[in-house]
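Below is one structure, written out as structure tokens; comments come after it.
Please treat every number below as a calculation from the coordinates, not as lab data. Small disclaimer: the values here were computed from a predicted structure and weren't measured. Note: ideal-geometry Cβ built from the backbone for every residue, glycine included; neighbour counts use all protein chains shown.
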Amino acid sequence: MTFTARPARLSTTAADFEAQFAARLHWSAETDGAIEERVAGILNDVKTRGDAAVLEYTARFDGLDVASLGQLELTQTELKAAFDGLPDAQRDALQAAARRVRSYHEAQKKAGGESWSYRDEDGTLLGQKVTPLDRVGIYVPGGKAAYPSSVLMNAIPAHVAGVAEIIMVVPTPRGEKNPLVLAAAYVAGVSRAFTIGGAQAVAALAYGTATVPKVDKITGPGNAYVASAKKRVFGTVGIDMIAGPSEILVLADGSTPADWVAMDLFSQAEHDELAQSILLCPDAAYIDAVQAAIDRLLPTMPRAAIIAKSLSDRGALIHTRSMEEACAISNRIAPEHLEVSSSEPHRWEPLLKHAGAIFLGAYTSESLGDYCAGPNHVLPTSGTARFSSPLGVYDFQKRSSLIEVSQAGAQSLGLIAAEMAYGEGLQAHARAAEMRLNEVPPMRSTP
């Protein structure tokens, strides 16, 4: 079967550009009502019945019919065996990627993940205590594809942060276990792993069952059911983000081989039909060359059908007036992955404010960031890079304020606090501060 991919051809000089641009970008993060209803039922069932409910849903959705949930836990021996059984090239690549991811996140921790304190002139100590979460759950997608890279990107920063226990869940439909995923869990230091997935796995992690321990935070991508479940359990546990379809935006000045850029657009389009790939370029002839490369290379892709639909439905090749205008449009989009495919990437980088990750220069393909460059590949999508950040060590730590007020400090701070507390009508707050004063004033009435 022959597939064709026709991304929308837009130009910023066209009178209807804004309308066409908005229509191409639109994607609703709202989950289908039927999914929400089913997820709510699953979560409540797991919360009420624990292991028994997880077993029923795992049998129904993944075709794994076992007597106890313990049979779906992967032992450390099994994880190590998967690692030992990999071909040498895969094992070496996995370890090399893990080393780079760990090195990056260790540097991240040193840069801003430490506790600190100081004393002011009256001896009062003020500061911040940074501590790791006790236990986190990581969701690793399974089914259509396996993602060992997701294991590294979620587990390693948690490990670097000092999390004591990392619980992994991964669906294995019909019992098909991916050796690379299991080996990645071994390399990344996962504490316990269960072959369960979907909303029932999120519920088990959030509420705890007789077999699956309750965690403090859940991270990792998943399908619409997983996203809906994470949204619903937020508050009971922390979550990283609600991820939408994958995105790539390429800013090109025409200096990179067109085939390279076409393949970079493919690299996100092949994830699923809702993924979005956009090119912004001031050179119309270069855009023509990229479209020609798309036409030539698409038939060579095993996932050609998915790529074709993604590019035709959500892709765009946009002709801009200049690279400056391209940067401004990029900031409006706030993409998950942003490639600056230019001979002068550092000229344009200062103009870019909003992106999950910025890839500078023609040799920096987005796929390197997905697997082994070092920075995290769990990134904000759907424009949320305007206010969100990549997953990192800081997501697996929490901060406690430290306050130790000296006797001298209590004299000045007590007067301030009491005055404000009386103004708010909270007499007990005011008296608690006044009792520390050397001369305790009589209690005042408040309005």
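So the values come out like this:
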item	result
For the range 199-302, the Rg and Dmax computed from alpha carbons only, in angstrom	20.0, 63
Centroid-to-centroid separation of the range 73-132 and the range 222-239 [C-alpha atoms, Å]	24 Å
Entries of LYS47/LYS177; LYS217/LYS353; LYS217/LYS309; LYS214/LYS309; LYS80/LYS353; LYS231/LYS309 with Cα pairs more than 32 Å apart	LYS217/LYS309; LYS214/LYS309; LYS80/LYS353
Convex hull of Cα atoms in the chain, direction-averaged projection (nm²)	28.6 nm²
Computed over the range 28-83, Kirkwood Rh from alpha-carbon pairs, angstrom	13.4 Å
Amide H contacts of LEU279 (H built 1.01 Å from N, under 5 Å, at least 5 apart or other chain)	VAL250, ALA316, LEU317, ILE318
Listed residues ALA97, ALA185, ALA428, most fluctuating in the chain (Gaussian network, C-alpha, under 10 Å)	ALA428
Charged-residue dipole, Cβ positions (Lys, Arg, Asp, Glu), the range 203-332 about Cα centre, Debye nearest 20	800 debye
Using distinct alpha-carbon pairs, which all enter the 1/r mean, Kirkwood radius of the range 343-447 in Å	19.0 Å
Rule-of-thumb Rg ratio for the range 99-251 [Cα; 2.2 N^0.38 Å; N residues]	1.19
Fewest-first ranking of MET435, MET153, MET241, MET263, using other Cβ atoms within 10 Å as the exposure measure	MET435, MET263, MET241, MET153
Positive dipole terminus of the chain, leading residue within LEU43, ILE329, ALA229 (C-beta point charges)	LEU43
Charge sum, other residues only, whose C-beta stays under 13 Å from LEU74's C-beta, Lys/Arg counted +1 and Asp/Glu -1	+1
Neighbour-count order for ILE318, ILE403, ILE156, ILE306, fewest beta carbons within 10 angstrom listed first	ILE403, ILE306, ILE318, ILE156
Cα-derived Rg to Rh of the range 1-136, Kirkwood definition	1.14
Antiparallel DSSP beta bridges within the range 72-208, percent to nearest 5	45 percent
Prolate/oblate/rounded call for the range 82-149, Cα gyration tensor, a/c under 1.5 rounded	prolate
The range 39-129 - charge dipole about Cα centre, Lys and Arg +1 at Cβ, Asp and Glu -1, debye rounded to 20	240 debye
All Cα pairs of the range 1-60, percent lying beyond 18 Å	64 percent
Total charge dipole magnitude, the chain, about the Cα centre, Cβ charges on Lys, Arg, Asp, Glu only, Debye to nearest 20	720 debye
Coil-residue trypsin sites (Lys or Arg not before Pro) of the range 328-428, DSSP, other Cβ within 10 Å capped at 14	LYS353
Alpha-carbon centroids, the range 340-379 and the range 157-213: separation in whole Å	30 Å
Neighbour-limited loop hits for chymotrypsin sites (Phe, Trp or Tyr not before Pro), the range 343-386 (at most 11 other Cβ within 10 Å; DSSP other than H, G, I, E, B)	TYR363
Computed log₁₀ I(q)/I(0) - Debye formula, equal Cα scatterers, no solvent, the range 228-364, q 0.14, 0.15, 0.18, 0.19 Å⁻¹	-0.63, -0.71, -0.95, -1.04
Likely footprinting exposure, ASP313, ASP295, fewest C-beta neighbours within 10 Å first	ASP295, ASP313
Cα-based Kirkwood hydrodynamic radius, the range 304-358, one decimal, Å	12.5 Å
